[in-house]
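Contents: one structure, followed by commentary.
The values are calculated or read from the model by the stated rules, or taken from the named source; none is laboratory data. Only a predicted model underlies this, so the values are computations on that prediction, with no experimental measurement involved. With ideal geometry, Cβ positions are generated from the backbone for all residues, glycine too; neighbour counts draw on all protein chains shown. Accessible surface is based on the protein model in full, side chains and every heavy atom, while ligands, DNA and RNA are left aside. Shrake-Rupley method; radii C 1.70, N 1.55, O 1.52, S 1.80 Å.
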Amino acid sequence: MTQGVTLNKADSERFTRMLMQFEEDTLVIECNYDDWLAAYPDRWVAVYGGKLLANAKTLAEALQIAYDRGAPHGCVASAYMDTDPQIMIL
């Protein structure tokens with residue numbers, strides 16, 4: 001049986017802020033997708049704090065650049081600018 005995690009108020013508030021930031025950064029990617037697809041075809045983009053921090057050939061490279069530019073580990077939104085997306089029927 002697994003046990004739940006209990007957060008104190010400060011940790012809970014910090015976690016909530018992190019989730020809200022991630023949601024905002026994901027929206028930044030969504031809003032800029034077409035422009036970034038044209039500018040960074042077949043590359044990964046990494047966003048934190050509402051800013052595009054990196055684009056790179058691999059996800060690992062994009063994240064490392066974002067971390068090197070001050071983004072906290074585990075808090076970076078990323079997406080692949082795929083010029084040939086697979087169509088999936090679910």
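Brief remarks follow.
- Normalised per residue, the accessible area of the chain is 76 Å², obtained with a 1.4 Å probe and no contribution from ligands, DNA or RNA.
- 0 to 90° range, to nearest 10: angle between helix 59-68 axis and the chain longest Cα axis: 60
- Estimated from the Cβ-Cβ distance and a Förster radius of 35 angstrom, the FRET efficiency linking MET18 and ALA39 is about 0.80.
- Here the label points at LEU27 and MET88, each 7 Å from Cα along the C-beta direction, are separated by 2.5 nm in the simple model.
- The largest accessible area among TRP36, TRP44 belongs to the first residue in TRP44, TRP36, and the rest follow in falling order (1.4 Å probe, all chains).
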